[in-house]
Amino acid sequence: MEGKTELQRNAFVTARRKELELFQRALDIQWLNSRMESGRMGRCLALIQQEAQTEKEFQERTDHAAIVNARAAKEAALGVEIEKVRHEEICNLARRHYLRQRDPSLRVLEKKLQAGYVCRDLQQQILHNQYKKLQEKAEANQANDYLLKALYNDFEAKEKEDREKMEQTTQYCKELQQQLVNRQLQKQCQYEETLIEKKMLEEVMRTLADEDQRELKQKKDLTEKTRKEMVTFQKAREAWREKQKKMVILEEKEIEEQLKMLGDRSVAVIAERERKQKIKEELNDKVAAKIMADEAARLERINLIKLLQEQELLEKNVQDDILAKEKQERVRKDTMDALTAQMENKKKVAADMKEKEVKFRKENEAKMAADMAEEREKELKKREKAKLYSQELLKQIAANRVKKEKEEKLEAQRADYVWECDRKWRAEVSGERRRMVAEHAPALLGYLQAGVLQRADLPALGAGAATRPDLRHLDVDALAHAPEPKRRPKCNAQCRVLREY
């Protein structure tokens, strides 16, 4: 078995060494007894003394190792405790950082405190710059005083200085007057340039207006010209239509005259045509008479054929009547035989049907009895099954009730746990706020925005100020009676709800 740490390994080695020492001592005692029994006492005593000395030295070395091991164990325990404390500090810092990152109010407070530090640094930098300027001004005034004392020792130097000062003042006034004149001239030049530009713009606008009028006039003339051309074209078109109508009338008259001339010329043609028509009609009469004679001969032949066919048809009808009577007698006989056989067959079939009906009724009765027995058995099974189902349903209802009670209990426990976690979270947040106010707010009084510190933060502010020697004189009670800052809404109600959340 090997130890996991240095201390465990040292303890294991020490126990093993003691066990070996005990075993060695037992062997030594056994050997001593055997030597004493053999009669060599002197030599054994010497050996005993030497072994005692050796054991004493080994004990001393063992005690030193034990001291070293104890010191190492103490140092290890101290290191473990230090590591535990350091780990707890790191965990606390990580928890504080987590609270600052997760809670909106702490994030806002942290931003406000950072802004306060920035404002304090800016104010200190401004004061430092002002102090530096005042110091430089004081040093310059002191140097000027030294120079004046060195320069104005006599009255002539003073008069000379006054005269130079008056000249400088006069020169400065002249320069100012010249600057005013130059500025006035510059303004006059700018005004004149503005007038020139305005006049040029007016001329350009006038030119543009003239061009627009000219273009409008040209468009109007072009429109009038186009309208006149359209009217002229319309009149020319009407004249052309009249001319075409007159030409059509003249052409019609010429055509009528030509037709009249053609009519007078075709009288002879018409007489020739009538003669030919008369000849043609005579030929047609001859052909018609021939066709009528042929038609009469054909009708006579047809009548003869019809008479012969009627005689054959009468003979055929007589033969057909004889055959029909014979066939009717044969059919009647066959029908009687078939009816007789059919009646016998029906009687036989009726007997068979009765026998089958009796057999079918018996089978149906037996089947109905079996079905009723089976239905009764099924009804019993169904009732037993419904009874079992109702019992299982009651058990399930009871189990569901118990389960619901457990779930309600778990939900209540979960709600209590959530409320407890929320309460602990709020407590941690309030503690972190108190620590942040105690650590940073006393040094930032006067630099924070209005409304950052609340009345509940005043005890933490007093505790933080009490820990600072330079802020022990701070009157926290006066801050408690200070008027609240005015708050003006910048957005709607929903934004305020979100901000409060």
Can you tell which of Lys367, Lys387, Lys346 is under 57 Å from the mean Cα position of the chain (by Cα), among the basic types (Lys, Arg) and in a helix (DSSP H, G or I)?
-> Lys387
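Could you grab me the full set of residues in segment 40-68 that are at pLDDT below 75 and polar (S, T, N, Q)? Working first, answer last.
Here is the first cut: in segment 40-68, the residues at pLDDT below 75 are 40-48, 58-68.
Matches in segment 40-68: Gln59, Thr62.
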Considering residues of segment 447-462 that are in contact (Cβ under 8 Å) with a residue 60 or more places away in the chain and not hydroxyl-bearing (Ser, Thr, Tyr) only, the residue nearest to Gln124 (Cα to Cα) | Leu448
If we ask which residues in segment 106-152 are more than 15 Å from Leu448 (Cβ to Cβ) and either in contact with a helix residue (DSSP H, G or I) (Cβ under 7 Å, 6 or more places away or on another chain) or not in a helix (DSSP H, G or I) (or both), their number turns out to be 4
Only residues that are more than 33 Å from the chain's Cα centre (by Cα) and open to solvent by 80 Å² or more (accessible area, probe 1.4 Å): list them for segment 85-117, please.
-> Arg86, His87, Glu88, Glu89, Ile90, Asn92, Leu93, Arg95, Gln114
Can you find even one residue in segment 81-95 that is at pLDDT below 80, assigned to a helix (DSSP H, G or I), out of contact with any strand residue (DSSP E or B) (no Cβ under 8 Å at 6 or more places or on another chain) and among the basic types (Lys, Arg)?
-> yes
Can we say Leu304 is aliphatic (A, V, I, L, M) and open to solvent by 100 Å² or more (accessible area, probe 1.4 Å)?
-> yes
Could you identify the single residue in Val181, Val204 that is assigned to a helix (DSSP H, G or I), more than 60 Å from the chain's Cα centre (by Cα) and not aromatic (Phe, Trp, Tyr)?
-> Val181
In segment 438-454, anything surrounded by 13 or more Cβ atoms within 10 Å (Cβ to Cβ) and over 13 Å from Ser105 (Cα atoms) is listed as Ala438, Glu439, His440, Ala441, Pro442, Ala443, Leu444, Leu445, Tyr447, Leu448
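Can you pull out every residue in segment 97-122 that is of a type in the set (D, E, K, R) and farther than 18 Å from Ala443 by Cα? Give the derivation first.
Just the residues of segment 97-122 that are of a type in the set (D, E, K, R), to begin with: 100, 102-103, 107, 110-112, 120-121.
Selection gives Arg100, Arg102, Asp103, Arg107.
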When residues of segment 217-273 are limited to those that are acidic (Asp, Glu) and at pLDDT below 75, the one nearest to the chain's Cα centre (by Cα) = Asp264
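The values are calculated or read from the model by the stated rules, or taken from the named source; none is laboratory data. As the structure is a computational prediction, the values presented were derived from the model and not from experiment. As a convention, Cβ positions derive from the backbone with ideal geometry for all residues, glycine included, and neighbour counts pool all protein chains shown. These accessible areas exclude ligands, DNA and RNA; they are computed on the full protein's heavy atoms, side chains included. Shrake-Rupley method; radii C 1.70, N 1.55, O 1.52, S 1.80 Å.
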